[in-house]
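The structure appears below as structure tokens.
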Amino acid sequence: MENPSYLALAHQSALRRQMETVANNLANVNTTGFRGERLLFAQYLTPKAGNPGIGGDGAQRLAFVEGIGTYRDTRPGQAVKTEAPLDMMINGNAYFVVDTPVGQRFTRDGNFRLDSQGRIVNTEGFALLDQNSQAIRLNPNEPNIEITKQGEILAGNNRVGRIRLVSFVDDQALTRLGGGLYASTQDPVPADPRAEIHQGLLEGSNVVSVTELTSMLDIVRRYESAQRILDSEHDRARKAIERLGRVA
């Protein structure tokens, strides 16, 4: 296979990964607390000469595009008003902490409810934790629930507890899981005191559908362009073989 074909195939492979990322963003445009991702690219130089006859070590090496990972867009999504007493939105760089069968996990999705035991749980049934890493419990029929900006939960005139908020030195190191949850190998630290909780609101996805659709169209055009290079190289090789056959 000739060098142009290798380069075109490497480009298509990177574009395919980019399309998967964009498609995932679009699929979560209405997911509470979702944060879009972008693919990171790097230049990969072949360790050996790729263009024989061209002088200079640098000139002889081929440069390929390589997808090396993704980074998360940490800008907050728009506020969505629900008026539900246990819907919460974080204003600031922080995460809720929930208890799962495999340990504590972190989320920006503040869509909570009361379960039959009076615990505040997310849509997966995982309990929201307080500052002592304990599940927060209320009377299942409690009509008056107030949550302050500092995360204090009041049921009637009684203080029930304070919601635990955490942050991380490097948000990009968080591993995305299903259900709006994240895992981390880092130890969480207390959130900035300026981070606030707003009751009756949810944080929408920060994905802008028009931007993602534009990116998708651009990827398709570039993929088709690379395919034309492959088709051209195939035709060139086929014609060269036919001519050599006639000479022979």
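The values are calculated or read from the model by the stated rules, or taken from the named source; none is laboratory data. Quantities reported herein were computed from a predicted structural model and do not represent experimental measurements. Counting neighbours? That spans all protein chains shown, and the Cβs are built from the backbone with ideal geometry, glycine included.
Within region 84-92, does at least one residue satisfy the condition of being surrounded by fewer than 14 Cβ atoms within 10 Å (Cβ to Cβ) and either within 19 Å of Gly33 (Cβ to Cβ) or not acidic (Asp, Glu) (or both)?
To start, the set of residues in region 84-92 that are surrounded by fewer than 14 Cβ atoms within 10 Å (Cβ to Cβ) comprises none.
No, that holds for no residue.
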Fill in the blank from the handout: Scanning region 195-210 for residues that are in a helix (DSSP H, G or I) and in contact (Cβ under 8 Å) with a residue 40 or more places away in the chain gives Ser209
Fill in the blank from the handout: Per the list (1) in contact (Cβ under 8 Å) with a residue 60 or more places away in the chain; (2) more than 20 Å from the chain's Cα centre (by Cα), residue check on Leu213 breaks on (2)
Practice task
Answer yes if at least one residue in region 156-166 is in contact with a Lys or Arg (Cβ under 6 Å, 6 or more places away or on another chain) and not charged (D, E, K, R), and no otherwise.
Solution key: no
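Give the residues of region 156-186 that are hydrophobic (A, V, I, L, M, F, W, C) and at pLDDT 90 or above, sorted by residue number.
Going residue by residue through region 156-186, those that are hydrophobic (A, V, I, L, M, F, W, C) are 160, 163, 165-166, 168-169, 173-174, 177, 181, 183.
Once the filter is applied, which keeps residues that are hydrophobic (A, V, I, L, M, F, W, C) and at pLDDT 90 or above, region 156-186 yields Val160, Ile163, Leu165, Val166, Phe168, Val169, Leu174, Leu177, Leu181, Ala183.
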Handout entry: In region 153-194, the residues that are in a loop (DSSP other than H, G, I, E, B), closer than 19 Å to Phe34 by Cβ and out of contact with any helix residue (DSSP H, G or I) (no Cβ under 9 Å at 6 or more places or on another chain)
Key = Phe168, Leu174, Leu177, Gly178, Gly179, Gly180
Handout entry: Pair list, Cβ under 7 Å, 6 or more apart: region 222-248 residue charged (D, E, K, R), other residue assigned to a helix (DSSP H, G or I)
Key = Arg222/Leu15; Glu233/Pro4; Glu233/Ser5
Practice task
At least 3 residues that are among the aliphatic types (A, V, I, L, M) in each: list the strands (runs of 3 or more DSSP E) lying fully within region 73-149 that qualify.
Solution key: 88-91
Exercise for the section: Taking only region 9-36 into account, find how many residues are over 11 Å from the mean Cα position of the chain (by Cα), surrounded by 18 or more Cβ atoms within 10 Å (Cβ to Cβ) and not in a helix (DSSP H, G or I). Expected result: 1
Fill in the blank from the handout: Within region 169-183, residues in contact (Cβ under 8 Å) with a residue 40 or more places away in the chain and farther than 16 Å from Thr100 by Cα come out as Asp171, Gln172, Leu174
Fill in the blank from the handout: Glu142 fails exactly one of (1) among the acidic types (Asp, Glu); (2) exposed (fewer than 14 other Cβ atoms within 10 Å of the Cβ); (3) closer than 23 Å to Asp87 by Cα, namely (2)
